[in-house]
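So the structure is just underneath, and the comments pick up after that.
The values are calculated or read from the model by the stated rules, or taken from the named source; none is laboratory data. Values in this document were obtained by computation on a predicted structure and should not be read as measured data. Cβ placement follows ideal geometry from the backbone for every residue including glycine, while neighbour counts extend to all protein chains displayed. Quick note on the areas: whole protein, heavy atoms, side chains included, nothing else; ligands and nucleic acids left out. Shrake-Rupley method; radii C 1.70, N 1.55, O 1.52, S 1.80 Å.
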Amino acid sequence: MTTPEPPVLETRDLTIRFGGHVAVDHVSCAFQRGTLTAIVGPNGAGKTTYFNLISGQLPASAGSVTLYGEEITRLGAPQRTKRGIGRAFQLTNLFPNLSVRENVRLAVQSRQNAGFDLFSMAARHEELIEMADHYLARTDLLDRADAVAAELPHGDQRKLEVAVLLALETDVLMFDEPTAGMSVDEVPVILDLIQHIKADETKTVLLVEHKMDVVRSLADRIIVLHNGALVADGVPAEVMALDVVRDAYLGTGSGGGDDDA
Amino acid sequence: MIGTLLSGDLPRSKVLSVVMVAILLGLALAPFLFPGTRALNTAATICVFIVLVASYDLLLGYTGIVSFAHTMFYGIGAYGVAIMLDRMPGSWAAIGLGVAAGLAVAVALALVIGLFSLRVQAIFFAMVTLAVASAFMILASQLSGLTGGEDGLTYRVPRVLTPAFKLFQDKLFGVRVDGRIVDYYLVFFAALALFLLMLRIVNSPFGRVLQAIRENPFRAEALGYRTVVYRTVANGLGAGMAALAGVLMALWQKYTGPDTTLSLGIMIDILLMVVIGGMGTLYGAAVGAVIFILAKNYLQGLMGAASEALAGLPLIPHLVHPDRWLLWLGILFILSVYFFPTGIVGRLRK
Ligand SMILES: Nc1ncnc2c1ncn2[C@@H]1O[C@H](COP(=O)(O)OP(=O)(O)O)[C@@H](O)[C@H]1O
Ligand SMILES: [Mg+2]
């Protein structure tokens with residue numbers, strides 16, 4: 001199990017305080033290439049905030065984030081994205097009045113560093129549009145490409161969120177409850193995609209997910225956050241057997257609680 | 001061909017297409033269609049304001065930046081040429097130097113203001129621009145040795161641009177083509193070129209990023225776009241375009257003063273024009289400028305006539321007295337915003 005390879009991503013004593021409230025509390029964790037780590041914990045445990053600290057949406061109060069051994073704690077979100085940390089948001093976070101295709105095309109354009117081209121026509125950069133369509137096809141959204149993003153049903157907006165993340169082609173991909181609020185028949189599309197990414201040995205995937213069956217089938221490893229602190233870390237079978245997890249998490253949520261989602 | 005010229009951004013509405021063609025033809029043939037000093041002056045003012053308002057739309061409508069310093073940049077461009085022509089009357093070199101200096105100062109100032117204040121909240125940026133623009137206005141009136149103070153500068157432009165110059169011996173379509181008309185066409189073609197250039201910029205990959213930032217800056221950052229940098233560049237571009245509009249106005253009016261370039265009154269006019277026409281469309285800037293300037297130049301006259309015709313009636317003559325034209329323009333504005341919240345162009349494209 002132990003890999004000699006250095007981790008792709010690592011947090012050391014990563015901490016953020018909001019006033020007196022410590023939302024993420026000295027979390028130290030390393031993530032290997034080619035693995036999928038599930039992050040679980042009750043609502044308000046600090047999972048989304050931990051993601052925000054890694055991808056640079058929030059500045060850390062203490063501790064560090066390193067990517068390929070290089071410290072990136074002081075970098076802003078755009079620089080971290082450029083270096084290979086991509087993320088999809090828990091609350092759908094799109095360009096609401098732009099088309100579905102344009103939402104993805106903008107991600108492709110960023111990856112191709114084409115944003116400072118002032119004098120050519122964006123519509124003539126066919127290669128960018130074709131690449132955008134490729135990600136739309138992978139997420140089953142190609143037939144909605146010309147729709148305005150805000151007009152998509154919720155499930156399709158979640159898919160678009162994933163399409164945008166894929167289009168960034170980052171080494172690290174973070175999914176924050178990607179299937180929340182999706183209808184039962186839409187969930188497999190997203191799970192297949194994540195499975196597919198996981199199969200790509202060059203990627204490092206972090207997944208926040210409440211559905212335990214999903215976690216069990218996808219994760220190589222589970223870490224548990226509770227009140228901002230990392231309280232358990234190990235392979236799924238091991239972690240799921242822990243009392244702290246059963247009490248805090250599985251006790252209420254495993255039975256029928258998530259089935260309505 | 002037309003698609004490339006318009007950067008693929010067609011009017012996308014039959015009525016709007018007709019309106020745009022009418023504006024283009026009206027302005028292109030203005031010296032022949034509407035002879036007379038007053039009409040030509042109105043046409044030239046419209047050309048300049050189309051550029052000025054479009055450059056403001058680049059900020060407000062495309063990037064979501066609220067700035068009150070646009071007339072300052074407009075003034076910098078105008079004063080650049082005015083000051084040089086004041087020193088070297090009638091010289092083309094003076095114009096060249098003035099354009100270069102005005103552009104450099106405007107863009108540099110916009111970049112500095114942008115870098116220091118665009119990373120914080122929008123309201124803070126708006127306040128900074130208001131403060132800088134006010135300070136600049138005071139500065140311009142204090143440095144009277146350079147700027148002519150409150151009186152402004154009156155200067156001589158190259159002879160080709162003056163009424164004394166005759167392009168042809170004979171009249172063309174019944175109109176004597178003098179330097180005034182040459183000057184008009186200089187303004188017209190420069191404005192057309194600048195408008196098409198801005199249309200290209202907003203449809204470029206860069207322009208798409210600006211719209212993304214307007215829509216959701218947080219998301220734009222997560223995609224890897226450094227919003228401060230993009231906003232700052234947009235601010236510099238808008239300032240440069242405004243300065244060029246100022247250059248055209250300076251060449252047309254042969255006078256530059258604080259009231260014609262720097263005043264906050266013009267700033268409010270620009271805001272009204274961009275909102276009436278429709279933000280984030282550029283075509284809206286053109287439509288808004290045409291309507292507003294026609295109203296400004298002719299509403300007063302119409303109202304004067306109405307006021308006289310209705311003399312004797314109680315109250316009504318006072319309501320339509322020419323001095324109330326701003327009141328009526330205000331009402332027109334409120335109605336148009338109420339009924340067309342996305343502006344005239346937004347409405348036509350629906
Ligand atoms: N920007 C913020 N300001 C203040 N408190 C915050 C902020 N973001 C998150 N929190 C708090 O941090 C805690 C963890 O939230 P979050 O990371 O969203 O939890 P989770 O994703 O695990 O449900 C919550 O108590 C939340 O109220
Ligand atoms: Mg969360």
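Within the range A:164-198, restricting attention to residues that are open to solvent by less than 10 Å² (accessible area, probe 1.4 Å) and among the polar types (S, T, N, Q), the residue that is nearest to ligand 1 (Cβ to nearest atom) is A:THR179.
For the range B:77-110, a residue qualifies if it is open to solvent by 10 Å² or more (accessible area, probe 1.4 Å) and under 13 Å from B:MET249 (Cα atoms), and the qualifying residues are B:TYR79, B:GLY80, B:ILE95, B:VAL99.
The residue that is farthest from the other protein chains (Cβ to nearest Cβ), among those in the range A:100-125 that are among the charged types (D, E, K, R) and in contact with a Leu (Cβ under 7 Å, 6 or more places away or on another chain), is A:ARG101. Taking the range B:307-345 as the range and being open to solvent by 70 Å² or more (accessible area, probe 1.4 Å) and within 18 Å of B:MET279 (Cβ to Cβ) as the test, the residues that pass are B:LEU332, B:ILE334, B:LEU335, B:TYR338, B:PHE339, B:PHE340, B:PRO341, B:THR342. Please verify whether the range A:43-54 includes one or more residues that are touching a strand residue (DSSP E or B) at 6+ places or on another chain (Cβ under 9 Å), away from ligand 2 (no atom under 16 Å from the Cβ) and among the charged types (D, E, K, R). No, there is no match, as no residue in the range A:43-54 is touching a strand residue (DSSP E or B) at 6+ places or on another chain (Cβ under 9 Å), away from ligand 2 (no atom under 16 Å from the Cβ) and among the charged types (D, E, K, R). Considering only residues in the range A:2-58 that are more than 8 Å from ligand 1 (Cβ to nearest atom), exposed (fewer than 15 other Cβ atoms within 10 Å of the Cβ) and without any contact (Cβ under 8 Å) to a residue 24 or more places away in the chain, the one that is farthest from the other protein chains (Cβ to nearest Cβ) turns out to be A:THR2.
Results for (1) part of a helix (DSSP H, G or I); (2) under 30 Å from B:MET137 (Cα atoms), shown as yes or no for each residue.
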| position | (1), (2) |
| --- | --- |
| B:THR260 | yes, yes |
| B:MET267 | yes, yes |
| B:ILE276 | yes, yes |
| B:LYS296 | yes, yes |
| B:LEU299 | yes, yes |
| B:PRO314 | no, no |
| B:ILE334 | yes, yes |
| B:GLY346 | yes, no |
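Working carefully through the options A:ALA77, A:ALA62, find the one that is surrounded by fewer than 20 Cβ atoms within 10 Å (Cβ to Cβ), assigned by TED's automatic domain parsing to the domain that holds A:VAL244 and more than 16 Å from ligand 2 (Cβ to nearest atom).
Just one listed residue meets the conditions, A:ALA62.
Filtered by the rule that a residue be under 15 Å from the mean Cα position of the chain (by Cα) and open to solvent by 40 Å² or more (accessible area, probe 1.4 Å), the range A:199-217 gives a lone residue, A:HIS210.
Considering the conditions (1) within 16 Å of ligand 2 (Cβ to nearest atom); (2) within 13 Å of chain B (Cβ to nearest Cβ), A:LEU168 is excluded by exactly one of them, (1).
Scanning the range A:152-210 for residues that are outside any helix (DSSP H, G or I), closer than 24 Å to A:LYS82 by Cα and acidic (Asp, Glu) turns up A:GLU169, A:ASP171, A:ASP176, A:GLU177, A:ASP200, A:GLU201. Does any residue of the range A:81-88 turn out to be surrounded by 22 or more Cβ atoms within 10 Å (Cβ to Cβ) and either within 16 Å of ligand 2 (Cβ to nearest atom) or over 18 Å from the mean Cα position of the chain (by Cα) (or both)? Yes, there is a match, as at least one residue in the range A:81-88 is surrounded by 22 or more Cβ atoms within 10 Å (Cβ to Cβ) and either within 16 Å of ligand 2 (Cβ to nearest atom) or over 18 Å from the mean Cα position of the chain (by Cα) (or both). Of the helices (runs of 4 or more DSSP H) entirely within the range B:170-222, those holding at least 2 residues that are surrounded by fewer than 20 Cβ atoms within 10 Å (Cβ to Cβ) occupy B:179-202, B:217-222.
Screening B:MET137 with (1) more than 21 Å from B:LEU27 (Cβ to Cβ); (2) open to solvent by 70 Å² or more (accessible area, probe 1.4 Å); (3) of a type in the set (A, V, I, L, M) gives one miss only, at (2).
Residues checked against (1) in contact with a Phe, Trp or Tyr (Cβ under 7 Å, 6 or more places away or on another chain); (2) under 20 Å from A:VAL187 (Cβ atoms); (3) without any contact (Cβ under 8 Å) to a residue 40 or more places away in the chain; (4) open to solvent by less than 10 Å² (accessible area, probe 1.4 Å):
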| site | (1), (2), (3), (4) |
| --- | --- |
| A:ASN97 | no, no, no, no |
| A:GLN109 | no, no, yes, yes |
| A:ASN113 | no, no, yes, no |
| A:ARG124 | no, no, yes, no |
| A:ASP146 | no, no, no, no |
| A:GLY155 | no, yes, yes, yes |
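Every listed requirement among (1) within 16 Å of ligand 2 (Cβ to nearest atom); (2) not assigned by TED's automatic domain parsing to the domain that holds A:MET182 is met by A:VAL27 save one, (2). In the range B:74-152, counting only helices (runs of 4 or more DSSP H) that sit wholly within it, the ones holding 2 or more residues that are in contact (Cβ under 8 Å) with a residue 60 or more places away in the chain and small (Gly, Ala, Ser) span B:92-117, B:122-142.
Within the range A:130-149, the set of residues being modelled with pLDDT of 95 or more and touching a Lys or Arg at 6+ places or on another chain (Cβ under 6 Å) comprises A:ALA132, A:LEU141, A:ALA145. The set of residues in the range A:126-144 being over 19 Å from B:TYR225 (Cα atoms) and either crowded, with 22+ Cβ neighbours inside 10 Å or within 8 Å of chain B (Cβ to nearest Cβ) (or both) consists of A:TYR135, A:LEU136, A:THR139, A:LEU141.
Out of B:LEU167, B:LEU237, one residue alone is open to solvent by 10 Å² or more (accessible area, probe 1.4 Å) and more than 13 Å from chain A (Cβ to nearest Cβ). It is B:LEU167.
Taking the criterion of being β-branched (Val, Ile, Thr) and buried (at least 22 other Cβ atoms within 10 Å of the Cβ), the residues of the range B:240-274 that qualify are B:VAL247, B:THR256, B:THR261, B:ILE270, B:VAL274. Scanning the range B:242-267 for residues that are touching a strand residue (DSSP E or B) at 6+ places or on another chain (Cβ under 8 Å) and among the charged types (D, E, K, R) gives a single hit, B:LYS254.
Criterion first (within 12 Å of A:LEU36 (Cβ to Cβ) and open to solvent by 10 Å² or more (accessible area, probe 1.4 Å)) does A:HIS226 satisfy it? When the stated conditions are applied, A:HIS226 does not pass them.
Looking at the range B:1-45, what helices (runs of 4 or more DSSP H) fall wholly within it and have at least 3 residues that are within 25 Å of B:LEU197 (Cβ to Cβ) and within 14 Å of chain A (Cβ to nearest Cβ)? Even if it seems obvious, please write down each step before you answer.
On the way: elements: B:2-5, B:14-28, B:30-33.
The qualifying helices (runs of 4 or more DSSP H) are B:2-5.
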